[in-house]
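**Q** Quick one: the structure is below, questions incoming.
The values are calculated or read from the model by the stated rules, or taken from the named source; none is laboratory data. Just so we're clear, the structure is a prediction, and the values are computed from it rather than from any experiment. Surface areas here come from the heavy atoms of the whole protein model, side chains and all, with no ligands, DNA or RNA. Shrake-Rupley method; radii C 1.70, N 1.55, O 1.52, S 1.80 Å.
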Amino acid sequence: MFRSILTLLLLVSPHLGVAQSSDAGPASWSVLSETSIWPVPTARGFGAGGIATLDLTCGGDGQPLMTYGYTGERIAPFESRNDWAEIDGRGGQITFFGQTGQAMSNPGSAFIHAMRRGRELVLYQAGGGRVIKFGLEGARIPIDQVLADCLEIATVPPAGDDMLAALKKRVRAEIEEVCRNSGATGYFVPDEVFQEVLRMSNPWPDVIVDYSFLRCEGGLGRGAGNCGAAKCLHQRYLPGETEYVLSDEYLDWGE
């Protein structure tokens, strides 16, 4: 089966300043019972104002398949093209093959899970071609629905969401205890405290806990006692087999 080639995520895109960029337009994802290419349920998203389509389905061998098409553009059968794919600014090379005029790839489970959690997917065609953006808002449910039986997706630990929820619950409990012991009247732990860093090499994101967003009302104040004159404590958690584990701590500028 066709395979894609994905490198580790990069912090900076090598495509800054590339022309011919097309806005994603409003995110629109749905599930089709079948398409002209796939006679099975398919999750479809639109990009470039509806001119481009991105389809995800489960192949006959239990592998996730992604097909990309652009109105008026065709790729020759079995022709290969090494494009660049980015999700929220981080990405890697992905190889597409010609299939009934469209470009097809097996993106792998880590890429699929990055799509489920991301906000925007940008495809940069090789050789300075088109730059197509796909909004990912609303993509998660259609993707989960059509890829539920994919063997490769099924091998990803299903507890990932539970692990992330447990980490947030644990951090909130720790902050509550610190604030309460300081005599504070309350505490504030907004969602901005938890910053997810997507990596295509791992289905689940790293999590940065930014203490600059924390507040102990009537007590330690900003950072719950973990901020200096300017910088605040940051903690990086990495997904383990059963829970998120603390990787490192450092001081950095806060909000």
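**Q** Let a ≥ b ≥ c be the square roots of the eigenvalues of the Cα gyration tensor of the stretch 173-255; is it rounded (a/c under 1.5), or, if not, prolate (a/b larger than b/c) or oblate?
**A** prolate
**Q** Using the heavy atoms of the protein chains and a 1.4 angstrom probe, tell me the accessible area per residue for the stretch 46-128 in square angstrom.
**A** Spelled out: the 1.4 Å probe surface of the stretch 46-128, per residue, equals 34 Å².
**Q** Please report the carbon-and-sulfur percent of the accessible area for the stretch 75-174; probe 1.4 Å, protein heavy atoms only, DNA, RNA and ligands left out.
**A** Looking at the stretch 75-174 in its full context, I get 53 percent from C and S.
**Q** Moving on. If you roll a 1.4 Å probe over the heavy atoms of the protein chains, what accessible area per residue do you get for the stretch 163-255, in Å²? Numbers along the way, then the final one.
**A** Values: 4860 Å² over 93 residues.
Accessible area per residue: 52 Å².
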